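Derivation of every value follows stated rules applied to the coordinates shown; laboratory data play no part. Because the structure is predicted, anything quoted here is derived from the model rather than measured. Neighbour counts run over all protein chains shown; Cβ positions are idealised from the backbone, glycine included.
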Amino acid sequence: FSFDQWGVELGKQLANSILDEINTKTVKTHDSSTAFLLNHFLKNK
C-alpha cells in the first residue's frame with residue numbers, strides 16, 4: 001500500500017456511486033458543486 005491508498009479507495013467508492021446515479025438518472029445527496037455537475041450532465045447527455 002502506498003501512503004495515499006486510502007484516497008484511492010475513497011475515489012473508487014465515489015466513482016462507483018456517481019456511475020450508479022448516472023445510470024439510474026437519480027442524483028443523491030452531494031455537495032452543491034457535485035450535484036450541479038451531475039444534474040447538468042444528465043440534462044445535456
### Summary
Placing each pseudo-label 7 Å from Cα in the direction of the beta carbon, residue 13 and residue 41 end up separated by a distance in nanometres of 1.9 nm
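Ignoring everything except DSSP H segments at least 4 long, calculate the 222 nm mean residue ellipticity for the chain; use -39,500 (n - 2.57) per segment, divide by total residues, nearest 500. Kindly include the intermediate steps, with their values, before the conclusion.
Details: 2 runs with 32 residues, N = 45.
It comes out at -23500 deg cm²/dmol, rounded to the nearest 500.
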### Message
If I model a spin label at residue 5 and residue 22 as a point 7 Å from the Cα along the Cα→Cβ vector, what separation in nanometres do I get?
### Response
2.8 nm
